[in-house]
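Taken together, the values in this text are just the output of simple stated rules run on the coordinates, not laboratory data. All values reported here derive from a predicted model rather than from experimental measurement. Every residue, glycine as well, gets a Cβ built from its backbone with ideal geometry; the counts of neighbours run over all protein chains shown.
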Amino acid sequence: MRIELVKRIMMVSLALLIACGSLLVPVDMKKALASDEFDVLRVKYVNMLTSSSTYSLTDVDNAARIDQITDTAQDHWDTMNTDVNRTKLWNEYPISAGAYPESTTYSYRYLVDMAIAYRTYGSPLMGDAGLKAAIIDGLDWLHGRIYYSGATTGGSNWWYWQIGNPLALNDVVALMYDDLSQTQIDENIAAVNYFQNNINMTGANLMWEIQVCTIAAILAKNNVPTGISIADARDGMSDFLPYVTNGDGFYTDGSFIQHTRLAYTGGYGTSLLSSLAKIMYLLDGSTWEVTDANFANIYQWIYDSFEPLVYKGNLMDTVRGREISRYKNQDNVASGGVVSALIYLSYLAPGTDAAAFRSIVKGWLQADPNKNYYNGVSMWLLTEAKNILNDTAIVPRAEQLKYQQFASMDRVVQVRPGYGFNVGMSSDRIMNYESINSENRNIWHVGDGMTTLYNNDVTQFNENFWPTVNNYRLPGTTVLSGVPQESEMGKSAWVGGTDILGLYGVTGMEYHALGESATVPDKTLTAKKSWFMFDDEIVALGSDINSTDGVTTETIVENRKINSAGDNTLTVNGTAKSTTLGWAETMSGTNYIHLGGNVSGSDIGYYFPEGSTIKGLREARTGKWYDLNTNKGSYTTTNYTHNYMTLWFDHGVNPTNGTYSYVLLPNKTSTAVASYSTSPNIIVLENSSEAQAVKETGLNITGINFWQDARKTVDGVTSDSKSSVMTRETANDFEVSVSDPTQDNVGNIYIEVAKSAKNLISKDDAVTILQYSPTIKFKVNVKESAGKAFKVKLGLTGTQTANPSPIPLPIPYEAESLPVHVMTDSIVVYSDANTSGGKKLGLNHSAAADYTEFSLDVTQAGKYNILGRIMKVSNNSIIQLSVNGVNVGSPVDGFWTTSETFKDALFGTYTFSYPGSYLFRVTTTGKNASATGYRLQMDYFTLTPLPVDGAITVDNTDYGFFTDSAWATKTSPATGYYGPNYREDGTSAADATKWAKWVPTIPVSGNYDIYMRWPSGTTRPDAAPLEITYNGGIDTSKTVNQTVYGSTWMLIGNYPLTAGFSNEVKLLATDAGNTFADAIKFVPTFANNVERTSGGTATTSDDNAPNETVDKAFDDTANTKWLANATTGWLQYQFASFNAYAVKKYTLTSANDYSTRDPKNWTLYGSHDGNNWTSLDVQTNQTFVSRKLKKEYTITNNIAYEYYKLDVTLNNGHSYTQLAELELID
């Protein structure tokens, strides 16, 4: 049966025969007479599998592809078993109902290959009667023996029965349709419908279901079971066209996930796109055309999900799952499905997108010298691809320079001129690698920080890279030498990063080594790893490298496939190393290395900022695909050999707090690398367990990874949470980008930058500006942000924007609305008219130690009483509150038998040192003997300010303020109110029914001065009555004249108050005029002469960062100091939580050196708003006779001010002014 080299002559003869109509294929006349829209679609589909028109048979590429099609079909035909007693069609694929399901699929695929040749114009096998008979014989044999309606399934993999077999079987039936009887068609489609009878999967599996059902319904003319018609299949696409936020599918950040936890853009994602585009193209213009509104998302997938991951036609391996172990699907071939999809979509997309898609195809095909795409595609797609390449009007797509963080799948890509850089990572969300079905058995470290650098060496990661590279030493990874690990989820949430300008970025991962298998305990090796991607360099930092595994730990800098001779030049510190295979050396004091590339534009430089000890190895390695993959059809047993250059850090056995740092310099010559090493553009700012940070001096860009949920400052940038931060400064603006790489933070990240800004240029909605000057402060709401980067851009020139008003605390924090960070049990929201917001939250704890942890955004630093309203139920438990892991107060029993529907529990007092998101954990510690369970129902939390001295302020917005009815909330026309607003009774007449009251939470019994404050305004009462409830009764003798002393704290009197909630001040609206309700302050008189500078905000005219800043003047130690680079300067202090104090004396403490820097002349001012100042004290000709000397100054002042300022108008003769401490005492 072998047809030899007469094929070329036969091609021309076949063309003539077709043109003359002499080659006739028998046709079922009944089917021909029933021509309809189904037949139109079937013919269109067959043309997609073959070609819709003739093409040049003398074209080299066409002829080569026809030869491939013919040879493949001929080989299958020649090796096909034809014996009547056969048990399999091909010897390599045994057929059994109980096993080997993949053999059935591969057998059908062989028949597809044969049928394509039978239908391919130009093939000597086109219309061959013997081939036709063999195809139909094989089809009938498979149907009669293994794949028919009602057949029993077997084997361990459902995919072959439900997807693999029907995909191939549909193609055989479509291609052979005119040669099959109606009975053969019906029986085979019935088999498809039996095994694939619903559309309910996810991701690519769902799309394959849709393709199977669509083609089967076309072939059966919609005579199919309910639920799998053409319309049903088309509508099934609507399930994955929208973006997803979890599970399988496409994400807005460009990620694609399959199997819930695998980065799979280049495998299942490509299959989904290719199949989807094929079916959309097929149905276009038909009754069943796709019209879903989310159809346009597909075009965006191209730009966001696929184009960044294909470099010069190579689809990056970190997103290809187990497919990287398949010898027929290396990275240069893997992009073929995307190319095919782009060709289909170019006929469907709007003009701009269609042009872009053709441009992308042309760019990728031109970059591939071997035109690998031409192998394995239909003649129609080959013709389309060649038309695009030959169309001079289509401009090949240029490299799309960008940085993209695929946060949802733990991948990152940067594309710069001449190279692309990719990092594969893993987390507690994403697996490190995939190994199932005997595939990918030992490529262990793809998701452990593997870095792949793509450049003009387009064959670097194909041509049998994976079976020959040392998979224990993949570049970028920190590993235990020679130790494999299981395929599983990572152990850390900290994996992600952020970017600036969409061009530069920082990413990182907290790595924990896993065990060799699921039955082996995890290893102890840990490392913190970061990559900083700038304009022409990539900085890699590692810290906190620890292990007790008893094995050498290594960080792999490079493992590059070198040329066939293995003699690429390696230059270390200017000295060329041996080019002999087998060379190995430990190189101490290494400052830089240069590795010559395999082709022009593929050199790589390596700079080591710390002068490191690097090990090098030049070796030949031999391996076969069978070592990686033993799944049928996915391997060869051929041995391949390639040469490699490997460079690595040896951290030794059981390292403690190990570190590394190196810089990749893509495409730089040896001279350029040497020059860079003497004058690098980067500064490593920190490489510790707390943070890793690098500054690129040329770009003026800084990247920082903050590893801990703790306040940390690096290079003037402070973050209070685990975060990735980048900054960029120009002469006119300052930009910051922030992300939550853990994706666990349900609250806010607070950022402070030690510089001032003039105004806001732009910001994302999640960013809230807190302050422009003297430092920049903002917070970012990262709840459910999925690792997204949030940007804010501030102006450094122009008109100064006033700082926003401080954000008041929520009153109250409704429990049902609080974000839950983590919990051991479920929660449920109930409606309850007795609660503050009509709802309450049930914590379904079931035993002691169960907990629910909330995130509360505490916008004002200070010391607070923490209260919670607990609703009455019979199964409330005993609970302990903790804040950021610290217990607050003692356990509270939530059970009671009295009639109250709720009780307010004072959990205790906690000092919130800085504004930020704090974790409130409610832990069940036990239950009352009479309680029926361990649950809890909560209404809300409240925080009531408690400054250091115990003073308590209750504003009209605070918990503890009540009115008889809804008094109007106002911000005008009155002025000078305390907090964000004030309340007004709504009438200028006397009203005996209206009242407002303030109920403080008193922590300690004792005597308190009670102050009252109201705003300045008109038409107010001059004798508004008060009722003061205290420990001793009710005082009704006091009135307040609200026509005067507005915006001032007025002393009402001194009263003994009892700890708890039994004290109150009630204001009555029984006097004529608009009655204002603003704030009451309770100041303990058992705490006299209190120094007040704690927890507030300090600002200054100038200071000397980072160590001699204004906060050092208020840190209660004379061992630090504030220093201004001038002979004058001022310090300003705003008390925490809007508090105001009548300062009676103040102290100044001289600094450690240079008495000439001491203040000589100054004025102390007080202010209510920070803008309008009242002079309180003036001093001249002051001297300090010794260092760290404290001097006290007494003043006459009875007004409580929120702000105080010390303005030094002259020092004692130095060019700098300094002060160790400023104390304000009332």
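Between the residues Leu794, Ala117, Trp161, the greatest Cα displacement towards the positive end of the dipole of the chain, with unit charges on the Cβ of Lys, Arg, Asp and Glu, is found for Leu794. Shape index of the stretch 813-946: Rg/Rh, with Rg the Cα radius of gyration and Rh the Kirkwood radius from the inverse mean 1/r over Cα pairs, equals 0.94. Here the label points at Thr72 and Asn1181, each 7 Å from Cα along the C-beta direction, are separated by 10.3 nm in the simple model. Under a 5 Å amide H cut-off, with hydrogens placed 1.01 Å from N, Phe961 pairs with Val999 among residues at least 5 apart or on other chains. Evaluating 6.51 cos²θ - 1.76 cosθ + 1.60 at θ = phi - 60° for every residue in the stretch 599-610, the Karplus couplings come out as 9, 4, x, 9, 5, 9, x, 9, 10, 10, x, 9 Hz, glycine and proline recorded as x. Extending 7 Å from Cα along the Cβ direction at Val395 and again at Asp567 yields two label points whose distance is 4.3 nm. In the stretch 222-348, Cα pairs under 8 Å separated by at least six residues give a relative contact order of 27 percent. With N as its number of residues, the stretch 644-752 has a Cα radius of gyration that, divided by 2.2 N^0.38 Å, comes to 1.29.
Working note: Karplus 6.51/-1.76/1.60 with θ = phi - 60° gives the stretch 356-364 the couplings 5, 5, 5, 5, 4, 4, 5, x, 5 Hz, where Gly and Pro are set to x.
Taking the C-alpha atoms only, the angle from helix 270-283 to the longest principal axis of the chain is near 70 degrees. Note on the stretch 734-847: Kirkwood radius taken over Cα pairs, Stokes-Einstein applied at 25 °C and 0.890 mPa s, translational D equal to 148 µm² s⁻¹.
At R0 = 35 Å, how high is the FRET efficiency between Ser53 and Ala129 if r is their beta carbon distance? Nearest 0.05 is fine. Rounded to the nearest 0.05, the efficiency is 0.90. A Förster radius of 45 Å combined with the Cβ-Cβ distance from Val822 to Val653 puts the calculated FRET efficiency at roughly 0.80.
Relative to the dominant Cα principal axis of the chain, helix 60-79 is inclined by about 70°.
Of the residues Ile593, Ile683, the one with the fewest other Cβ atoms within 10 Å heads the list, and the complete ranking is Ile683, Ile593.
FRET efficiency for the Asp1009 to Tyr1154 pair, using the beta carbon distance and R₀ = 30 Å, is estimated at 0.10. Taking each DSSP H run with n ≥ 4 as -39500 (n - 2.57) and averaging over every residue of the chain yields -5500 deg cm²/dmol at 222 nm. Stretching Ser588 away from Thr909 to a fully extended chain increases their span by 110.0 nm, per 0.36 nm per residue minus the current alpha-carbon distance.
Here's how it looks for Asn375: its modeled amide H is under 5 Å from none belonging to a residue 5 or more places away or on a different chain.
Placing +1 on the Cβ of every Lys and Arg and -1 on the Cβ of every Asp and Glu, with nothing else charged, gives the chain a dipole about its Cα centre of roughly 860 debye. Each residue of the stretch 229-236 was assigned a 3J(HN,Hα) from its phi angle through the Karplus expression (A = 6.51, B = -1.76, C = 1.60, θ = phi - 60°), giving 6, 4, 5, 4, 5, 4, 5, x Hz with x at Gly and Pro. I want to make sure I understand the PRE zone here: with the label point 7 angstrom from the Cα of Trp896 toward its beta carbon, which residues in the stretch 1060-1080 have backbone N atoms less than 13 Å away? Once the point is set 7 Å along Cα→Cβ of Trp896, 1061-1062 turn out to lie under 13 Å by backbone N, inside the stretch 1060-1080.
For the stretch 1194-1212 versus the stretch 553-608, the spacing of their alpha-carbon centroids is 66 Å. For the chain, the Kirkwood estimate of the hydrodynamic radius, built from every pair of different alpha carbons, is 35.5 Å.
For the stretch 953-1084, the tally of Lys pairs with Cα-Cα distances below 14 Å comes to 5, considering only residues 8 or more apart or on different chains. Rounded to the nearest 20, the Cβ-based charge dipole of the stretch 1085-1192 about its Cα centre (Lys and Arg +1, Asp and Glu -1) stands at 360 debye. Note on the stretch 127-212: percent of Cα-Cα distances in each 10 Å bin, starting at 0 and stopping at the bin with the largest distance, equals 17, 49, 27, 7, 0. The eigenvalues of the Cα gyration tensor, multiplied by 5 and square-rooted, give the stretch 285-369 an equivalent ellipsoid with semi-axes of 25, 15, 12 Å from largest to smallest.
Counting neighbouring beta carbons within 10 Å and listing from fewest to most, the residues Ser286, Ser543 come out as Ser286, Ser543. Over all Cα atoms in the stretch 953-1084, the spread is summed up by Rg and Dmax: 13.6, 39 Å.
Of Asp75, Asp248, the sequence from fewest to most neighbouring Cβ atoms within 10 angstrom is Asp75, Asp248.
What shape does the stretch 402-676 take by its C-alpha gyration tensor, where a ≥ b ≥ c are the square roots of the eigenvalues and a/c under 1.5 counts as rounded, a/b above b/c as prolate, and the rest as oblate? Because its axes are fairly even, with a/c under 1.5, the stretch 402-676 counts as rounded. Here is the P(r) of the stretch 239-341: all C-alpha pair distances, binned every 5 Å from 0, give 2, 13, 24, 24, 18, 11, 5, 2, 0 in whole percents.
Extension gain for Ala929-Ile1199 works out to 91.8 nm (0.36 nm per residue, less the C-alpha to C-alpha distance).
If you count Lys pairs in the stretch 402-676 whose Cα atoms are under 21 Å apart, skipping same-chain pairs closer than 8 places in sequence, the total is 12. One chain, two ends: Gln366 and Asn884. Fully extended at 0.36 nm per residue, the span grows by 180.8 nm beyond their Cα-Cα distance.
Here the alpha carbons of the stretch 52-92 define both size measures, Rg and Dmax, at 15.3, 44 Å. Label separation (Val599 vs Lys1145): 8.3 nm, computed from points 7 Å beyond Cα along the C-beta direction.
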